[in-house]
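Some notes on the structure that comes next.
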Amino acid sequence: MKPSALLLPAGLLALAYALAQSPPAKAKWTKQVVSKDFLSEGLGAGDIDGDGVKDLVAGAFWFKGPDFKEAKQYRPGAPASIEAYMEDSFLAWVTDVTGDGKNDILMARHPGRGIDLYVNPGKEGEWTAHRVMAQGATESPIWVDLDGDKKNEMVCMEDGKFGYYKADWSEPTKPWTFVAISDKRSDSPYVHGLGAGDLNGDGRVDIVEKQGWFEQPAKAGEAWTWHQENFAGPGGAQMLVFDVDGDKDNDMVTSLNGHGYGLAWYENEKKDGKVSFTKHEILPEDPAKTGPDGLQFSQLHGLDAGDFDKDGRIDFITGKRFWAHMANDPGSKDPALAVVFYNRKDGDGVKWVPEVIDTDSGVGCQVLAVDLDGDGKLEFAAGSKKGVHVIRQ
């Protein structure tokens, strides 16, 4: 890095980097503005109308794929001002919960205020809502199959304890049961940083949070084993668990502060028969410093993983969450970047190569790496205070 770069604010560095990259980005990536309205801090994708094509869900609306030009309202709700918080839509998942062959919608409200199930009636009109999870706390609940029964659980917090909600699949519209795996850890529903994946290679999905990870026991009902690790101080967003370096064990990628700066990956290593982690910085926590190619930006509040360049190595996407707390976060007025971090082999290690694919969209609390049109290429899809965007290769 040139010494003079330190004299520029981080936001100007990010914009300068983005502009310098704009010619190849424009040649490769195309942005579709699905909606300019603030509908949701998250975005869901899946086939709503049963035509075999993925649709998008943002707040009270779903957008018919593959062109997303037709919006349909399925519940009460309206666009919100970016000067307010979105109370009823922070994250969304499109999935067949009721088992009738039609995809329903699970929607996390403002953190700690419940997760609702909207049952797909198979026709236009208002969908029936069910409050199936009382709190669903943390900023990034995770919808994942924990126990290998082909049915997902919702990993989150309730009453300050980490755990997961499990449905009675014979009657999934009734309130789900919360299974705590920790003692009370917080008085706040706004805990940042949560992930899930097999960290010790035993074939069972573990749960990771900013201060460590919970090892799933061999038998249901037994206590989860806690392993202390200083992953992220304030905590960021989705903590991605996948094999970063190709050595057949799962590593972890996380932002360090969802409302500040910092991004890292943690290399999974076995020492004395125990799992340990080595931190590798991607973007520094110091806003005056920069990462690869002079890149720096704040509020990396949404992450997702996928192989964007189809080289067999898993990449990840993130971006800036624009106006999360209005003008009260570091770098609030900086460009709302959307970024792909490509995973490149570097000797025995890994080199992350970032590409800014847009400078005016970013992420909310959720971003999707998803093939929306079935062409085998992943898109970058996000809903935020910048609206709803799809960025295609």
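Numerical summary
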read-out	value
Unique residue being surrounded by fewer than 23 Cβ atoms within 10 Å (Cβ to Cβ) and among the β-branched types (V, I, T) when the list is I357, I314	I314
Test: residue in segment 158-172 that is among the small types (G, A, S), within 30 Å of K270 (Cβ to Cβ) and assigned to a loop (DSSP other than H, G, I, E, B)	no
Some residue of segment 343-352 being buried (at least 16 other Cβ atoms within 10 Å of the Cβ) and more than 20 Å from the chain's Cα centre (by Cα)	yes
Lone unmet requirement of (1) open to solvent by 10 Å² or more (accessible area, probe 1.4 Å); (2) assigned to a strand (DSSP E or B); (3) not polar (S, T, N, Q) for A382	(1)
Leading residue by the ranking (surrounded by the most Cβ atoms within 10 Å (Cβ to Cβ)) among those in segment 235-260 that are at positive phi and assigned to a loop (DSSP other than H, G, I, E, B)	G246
Condition check for D100: out of contact with any helix residue (DSSP H, G or I) (no Cβ under 6 Å at 6 or more places or on another chain), charged (D, E, K, R), farther than 24 Å from Q238 by Cβ and open to solvent by 10 Å² or more (accessible area, probe 1.4 Å)	yes
Strands (runs of 3 or more DSSP E) wholly inside segment 29-138 that include at least 3 residues being aliphatic (A, V, I, L, M)	55-58, 91-95, 104-108, 115-119, 128-133
Condition met for T138 (under 18 Å from the mean Cα position of the chain (by Cα), surrounded by fewer than 20 Cβ atoms within 10 Å (Cβ to Cβ) and of a type in the set (S, T, N, Q))	no
Set E267, E281: member being of a type outside the set (V, I, T), open to solvent by 20 Å² or more (accessible area, probe 1.4 Å), part of a strand (DSSP E or B) and touching a His at 6+ places or on another chain (Cβ under 9 Å)	E267
Residue in segment 222-234 that is part of a loop (DSSP other than H, G, I, E, B) and either under 30 Å from N103 (Cα atoms) or β-branched (V, I, T) (or both) present	no
Residue within segment 189-201 that is over 30 Å from G312 (Cβ atoms) and open to solvent by 30 Å² or more (accessible area, probe 1.4 Å) present	yes
Some residue of segment 293-311 being in contact (Cβ under 8 Å) with a residue 60 or more places away in the chain, part of a loop (DSSP other than H, G, I, E, B), of a type outside the set (A, V, I, L, M) and surrounded by fewer than 20 Cβ atoms within 10 Å (Cβ to Cβ)	yes
Test: I115 is over 27 Å from N257 (Cα atoms) and open to solvent by less than 30 Å² (accessible area, probe 1.4 Å)	no
Any hit, segment 345-358, residues being modelled with pLDDT of 95 or more, acidic (D, E) and closer than 23 Å to K31 by Cα	yes
Among (1) in contact (Cβ under 8 Å) with a residue 40 or more places away in the chain; (2) open to solvent by 70 Å² or more (accessible area, probe 1.4 Å); (3) within 27 Å of M157 (Cα to Cα), the one test that I105 misses	(2)
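The values are calculated or read from the model by the stated rules, or taken from the named source; none is laboratory data. On a predicted model such as this, the values are computed, not experimentally measured, just so you know. Because the Cβ atoms are built from the backbone with ideal geometry, glycine has one as well, and the counts that use them run over all protein chains shown. SASA here: full protein model, heavy atoms, side chains in, ligands and nucleic acids out. Shrake-Rupley method; radii C 1.70, N 1.55, O 1.52, S 1.80 Å.
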